[in-house]
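What follows is a set of notes on a single structure, which appears directly below.
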Amino acid sequence: MNQKTNLDDKNIGKLLFKLSFPATVGMMVMSFYNVVDTIFIGQGVGTDGIGGVVLSFPIQMVVGAVGQMIGIGGASLFSRSLGENNFDKARKTLGTVTVSVLVLGAVITAVGYAKLNDLLRLFGATNNLLPYAREYLTIVLAGTVFHTLSMALNNIARAEGKAKIAMTTMIISAVVNILLDAVFIFGFNMGIKGAALATLIAYISAAVFLIAFFQSGKSVLPLRIRNIVFDLSVLKEIVVIGIASFIRQTAMSFLIILLNRRLGQLGGDIAIALFGVVMRLIMFIFTPIMGIARGLQPVAGFNYGAQRFDMMKKSVIIATVASTSIAVSGTLLLTFFPATFLSIFSDDQELINQGRIALRYIILAFPLVGFQVMGSTLFQATGKAVQTLVLALARQLLLLIPLILILPQFFHLTGLWIAFPIADTLGFFLAVFMVYRFRFLYRVRPETAVELKK
């Protein structure tokens, strides 16, 4: 062990800000990259180029789901191990995370290349959009191993309190991507292929930076050959906690597939591109909420491991207030100025007109999202796999997908848009009920601490 973790700080508000702010900045930069990338493709390739990238979302989400499952599950176990002073468990966690993402990333790459056309057709690719999606994914898939590795190691760095390293990783990736986007798309006139190549190089840059950090000796537990020990029992613990993130992401992938197919049927290629733009805008607002969640996880996990439940409670309250404030502000901005934001991506008037309506419907219940995310993060940080899984399944699988299948039969394309606020509202009430039952969040008695820990 090289250093003492900086998670052992009793000033919870300061610690949460210290970890959340870098995470938020890093994720905002990444979100800004996604916005700029879409703008470059829209202006340099056209609406069909945006549609092609949207069709690649399901595969990219599966890649992200694997990285998040191993990374978040490993981070939860890692931070709790540090809180318990169980450094041997922390070492096994780091090694198991590293081996797992390398193997799983290679498997996804092989399957992706073998079934690329079939997968894109399944995702709802039309004859017009298929060439764009295929050209983009053919290049991006080559970076899958680097992407999963960087996502996992980034979570581990954050779990030991190195939030600035996690932030720097995301900034490096985003800046490389944005600069190369401009060079390849406009300078070399490479179109959608240029956007994909920029993304590939960004994945590699992030992975190289994180490997260098973990080998530099600045980490609590350096990534040395002797530390890369795969432990099946540790992997099981990681998966039990991280599976909720995997299901949430893969459910979103399935949701995107369903939406793409329904959008193609109800609104054509323009509707698919429109949805991609709207999602970019929403993610730009959602990103700082996730940044707060990333900061909350190690704080809640460490204090739970140390049985300091009052401090954990305080961290959750602060994070919930902050995330809800951001959600409200974002909702107001997108509600009152939808056309302004949509026109940044494209000058297609039909896309802007339809997008204005879609955006306002989709974000109606967005202010309720902050509590749902923090509730899910609380359960994940404390190792409550069942509760985390239920919340992960609820909104996207149990609520949103049935609504998407049913409502368009009565309200056509509008039915797709109103499914989102209805699912958000129902998901919020479920999260309130589940967090309320998690009693130590509200009152912790010393005599019940051991029982609650179990």
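All of the numbers you see were taken from the coordinates with simple rules; none came from a lab. Predicted, not measured: the structure shown is a model, and the values here were computed from it. In this analysis, Cβ positions are derived from the backbone assuming ideal geometry, glycine residues included, and neighbour counts consider all displayed protein chains.
Where (1) 31.5, 100; (2) 21.3, 68; (3) 24.4, 87 are the candidate values, the label of the one calculated here for Rg and Dmax of the Cα atoms in Å is (2).
With a simple spin-label model that places each label point 7 Å from the Cα along the Cα-to-Cβ direction, the separation between PHE230 and ASP88 comes to 2.2 nm.
For the chain, the longest principal axis of the alpha carbon atoms and the long axis of helix 408-437 meet at an angle near 10°. Cα centroids of the range 322-343 and the range 143-190: 26 Å apart. From most to least packed by mean Cβ count within 10 Å, the peptides 44-56, 300-312, 179-191, 264-276 give 44-56, 300-312, 264-276, 179-191. Considering only VAL234, ALA182, PHE32, the residue lying farthest towards the positive end of the dipole of the range 12-453 is VAL234, judged by Cα position with unit charges set on Cβ. Summary of the geometry: the range 47-80 and the range 208-271, compared by the centres of their Cα atoms, lie 5 Å apart.
With θ taken as phi - 60° and the Karplus curve 6.51 cos²θ - 1.76 cosθ + 1.60 applied, the whole-hertz 3J(HN,Hα) list for the range 213-226 is 5, 5, 8, 7, x, 8, 7, 4, 10, x, 8, 10, 4, 5 Hz, x standing for glycine and proline. Remark: the range 12-453 carries a charge dipole of roughly 1440 debye about the Cα centre, counting +1 on each Lys and Arg Cβ and -1 on each Asp and Glu Cβ. Each residue of the range 254-263 is assigned a 3J(HN,Hα), and the resulting list reads 4, 4, 5, 4, 4, 5, 4, 5, 5, 5 Hz, derived from the Karplus form 6.51 cos²θ - 1.76 cosθ + 1.60 (θ = phi - 60°), x at Gly and Pro. Across the range 73-78, rounded Karplus estimates of 3J(HN,Hα) from the backbone phi angles (6.51 cos²θ - 1.76 cosθ + 1.60, θ = phi - 60°) give x, x, 5, 4, 5, 5 Hz, Gly and Pro being marked x. With the cut-off at under 15 Å, measuring from each backbone N in the range 348-382 to a point 7 Å along the Cα-to-Cβ line of THR414 picks out 354-362. Counted residue by residue at 0.36 nm each, then reduced by the alpha carbon distance between them, the extension gain from LYS314 to ALA339 reaches 5.1 nm.
Distance between the pseudo-spin-label points of TYR361 and LYS218 (7 Å out from Cα toward the beta carbon): 4.9 nm. Given R0 = 22 Å, the distance between the Cβ atoms of ILE406 and GLU350 translates into a calculated FRET efficiency of 0.25. Available extension along the chain between VAL208 and THR425 is 74.0 nm, counting 0.36 nm per residue and deducting the alpha carbon span. Helical content alone sets the calculated 222 nm signal of the chain at -27500 deg cm²/dmol, taking -39,500 (n - 2.57) per DSSP H segment of four or more residues and averaging over every residue. Taking every alpha-carbon pair under 8 Å whose residues sit at least 6 apart, the range 12-453 reaches a relative contact order of 24 percent.
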